[in-house]
There are 2 protein chains.
Amino acid sequence: MKEEQERARRPGGRSARVRAAVHQAVMSLVAERGYGAFTIGEVAARAGVADTSIYRRWGNLEALTADVAMAWLTAESPIPDTGSLRDDLRSYATQVAGDIVGPEGLAILRLAVSLSASGEEGEQARADFLLERQRQLDAMLDRARDRGEPAPHSMDVVDHILAPMYVRVLFGLTDLGADYVDGLVDHLLAGLPREP
Amino acid sequence: MKEEQERARRPGGRSARVRAAVHQAVMSLVAERGYGAFTIGEVAARAGVADTSIYRRWGNLEALTADVAMAWLTAESPIPDTGSLRDDLRSYATQVAGDIVGPEGLAILRLAVSLSASGEEGEQARADFLLERQRQLDAMLDRARDRGEPAPHSMDVVDHILAPMYVRVLFGLTDLGADYVDGLVDHLLAGLPREP
C-alpha cells in the first residue's frame, strides 16, 4: 500500500483508491480470461470508475496492464537481509518460486513477457521491471560485498536463479522444490572466486 | 521439408503441402499481428485451404498454433557434433541466440509461453517442446560422456543456457553477444566435476 501511494501521481486519497481498484479489476480479469482478453470499458465497470479516468491516467490498455504486471512482480518477493548472501539468495529464490507457481503469478508472468507485443509502453514497462528487480538485488549484493563476501552481478542472479524458474513455470514445469531452488543458488555461488 | 513430411499424418503429397501452407500462413499472421490475434478462417484463406481441412486436422486454433510454434522451435537450432562438448554447446547456444533475437523467433517464443493459457492442447505442446529439446540435447551430452567428458544433465542446459537467453529476449534484452553466450557455456561447465 505504501509503495502504491508513492507510485500514484497524486499520492494518497482518491487517486490511490482509484489505482488500487483498477489494479484489482485488471488482476481479476487476467486471472479469469488471460491477459489482453478484456477492454478498458470492462476494467472500468468492474473497478467502479469512469472509462475516462482510466484513459486520462494510463492512456491505453497496454500501459495499464503493464503497470499492473510490474507492480505485482516488484511488490512481491521482498529482498531479505539474513546476514549471509547464500541465505539471502535462498530466501529470495524460495519466495519468488512460491509467487510464480500460483495461477495469479503465472498469469502475470505471461502478461509481462507479452507486453512488448503491444507497443512502446509495454517495452518500457518491461525494461523498467528488469531495472527494478536489478535495483532490489543490488541492495542485497552490496550488503554482501560490504561484509567481505564475494557476490555475483545482479544480472547473474537474473540469468541463473530467476530465468530458470521463470522458464520452467512458463513451460509448465511448476515443481520448484526446495532442493531445486537451493541448487540454483549453490550453482551460482560455486562459480564465484573464493573469499577475497 | 523432410521433417515436415515425416510429421504429417499422411507423409508426402497433398497432406504435406497443406501442412506447409497452413504453417506458413500462421507464421506470417503471428509476425504481423502477434499470437492469437487471428482466426482459423483467416489462416485458411491465406493458406488457400478450406476451414474444414484445418478443423479436421488440428481441431482448433490453439492446437494449430502450438504445432507451428513447436515445429519452428525444434526444427531450428540443429544439434552440432564438433567432437568437444564445450564447442558443441557454444555452437548450439550461438545458433539458438541467433534464432530467437529475430522478430519471428520472438513471436514464436511468446507464442510458446502463452500456449497453456488456451487449454490442454497448448499444455501438451509446451511439454512436448521441452521433451523434444531435452531429447536433442541428450544426444549431444551422451556423445560427450562416451568420449569421457563430464557432461551436465540436459535440464541444466535448459536452466543455465536456454533459460537466460529466453528470459533476456522475452524481457527485451536482445543483445546476446558472443562473449555473453560463451560465458553461459563456461559457467555451466565450470560447475561440473573434473574429468573422471
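Yes or no, residue by residue, for (1) in contact with a strand residue (DSSP E or B) (Cβ under 7 Å, 6 or more places away or on another chain); (2) modelled with pLDDT of 80 or more; (3) assigned by TED's automatic domain parsing to the domain that holds B:Ala139:
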{"site": "B:Leu64", "(1), (2), (3)": "no, yes, no"}
{"site": "B:Asp67", "(1), (2), (3)": "no, yes, no"}
{"site": "B:Glu76", "(1), (2), (3)": "no, no, yes"}
{"site": "B:Ile79", "(1), (2), (3)": "no, yes, yes"}
{"site": "B:Thr82", "(1), (2), (3)": "no, yes, yes"}
{"site": "B:Leu85", "(1), (2), (3)": "no, yes, yes"}
{"site": "B:Asp88", "(1), (2), (3)": "no, yes, yes"}
{"site": "B:Ala93", "(1), (2), (3)": "no, yes, yes"}
{"site": "B:Asp99", "(1), (2), (3)": "no, yes, yes"}
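Can you name every residue in segment A:176-192 that is at pLDDT 90 or above, surrounded by fewer than 16 Cβ atoms within 10 Å (Cβ to Cβ) and not in a helix (DSSP H, G or I)?
A:Gly177
Counting just the residues of segment B:79-102 that are outside any loop (DSSP other than H, G, I, E, B) and hydroxyl-bearing (Ser, Thr, Tyr), which one comes out farthest from B:Ala178 (Cα to Cα)?
Selected residue: B:Tyr92.
From the set of residues in segment A:163-178 that are within 7 Å of chain B (Cβ to nearest Cβ) and touching a Lys or Arg at 6+ places or on another chain (Cβ under 8 Å), which is farthest from A:Ala112 (Cα to Cα)?
A:Gly172
At pLDDT below 90, part of a loop (DSSP other than H, G, I, E, B) and away from chain A (no Cβ under 14 Å) - does that describe any residue in segment B:103-124?
There is no residue in segment B:103-124 that is at pLDDT below 90, part of a loop (DSSP other than H, G, I, E, B) and away from chain A (no Cβ under 14 Å).
Any idea which residue in segment A:126-160 is farthest from the other protein chains (Cβ to nearest Cβ), counting only those that are polar (S, T, N, Q) and either farther than 19 Å from B:Pro164 by Cβ or free of Cβ contacts under 8 Å to residues at least 60 places away in the same chain (or both)?
Looking at residues that are polar (S, T, N, Q) and either farther than 19 Å from B:Pro164 by Cβ or free of Cβ contacts under 8 Å to residues at least 60 places away in the same chain (or both), I get A:Ser154.
The values are calculated or read from the model by the stated rules, or taken from the named source; none is laboratory data. These numbers were taken from a predicted model, which means no experiment stands behind them. Here Cβ is always computed from backbone atoms with ideal geometry, including for glycine, and neighbour counts include all displayed protein chains.
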